[in-house]
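Okay, structure first, notes after.
The values are calculated or read from the model by the stated rules, or taken from the named source; none is laboratory data. On a predicted model such as this, the values are computed, not experimentally measured, just so you know. Here Cβ is always computed from backbone atoms with ideal geometry, including for glycine, and neighbour counts include all displayed protein chains. Note: areas computed on protein heavy atoms with side chains; ligands, DNA, RNA excluded. Shrake-Rupley method; radii C 1.70, N 1.55, O 1.52, S 1.80 Å.
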Amino acid sequence: MTERSDDGQVTAVVGARGELISVEVAPSVFRDRDAGALSRKITDTVLRASRAAVTATRELVAGYLPPGSPSVEFLRTHDFGALLGRADAVLSRGE
């Protein structure tokens, strides 16, 4: 997933789980010489890309799984324990 800052000076690329792959900054960003503004712009762009990627992945996966599936919930919460909860329940019953 790729996101650009509103002014197009920062581009963030993230993977399907929202992990950062790359950040590109346009040369024009250095004219301002405002490190704080650049930092906020990069952070905002990366966060928007990450949220968009996670949402898109969750929506894609949800289309193939039953509603309320632990796998879909895991993509939202990253709670590995909840993901394995069903497996634990099945194993404890000996199914």
Complete set of residues in the range 48-81 that are over 16 Å from Ala16 (Cβ atoms), assigned to a loop (DSSP other than H, G, I, E, B), open to solvent by 40 Å² or more (accessible area, probe 1.4 Å) and of a type outside the set (D, E, K, R) | Pro66, Pro67, Gly68
Enumerate the pairs (first residue in the range 56-69 and on the phi < 0 side of the Ramachandran plot and in contact (Cβ under 8 Å) with a residue 12 or more places away in the chain; second residue anywhere and surrounded by 10 or more Cβ atoms within 10 Å (Cβ to Cβ) and in a loop (DSSP other than H, G, I, E, B)) with beta-carbon separation below 7 Å, excluding pairs fewer than 6 apart on the same chain, so at least 6 apart or on different chains.
-> Ala56/Met1; Thr57/Ala16; Thr57/Arg17
Does at least one position in the range 10-18 carry a residue that is open to solvent by 50 Å² or more (accessible area, probe 1.4 Å) and closer than 30 Å to Ala89 by Cβ?
-> yes
Selection from the range 19-47 of residues surrounded by fewer than 17 Cβ atoms within 10 Å (Cβ to Cβ) and within 30 Å of Ser71 (Cα to Cα) yields Glu19, Leu20, Ile21, Ser22, Val23, Thr43, Asp44, Leu47
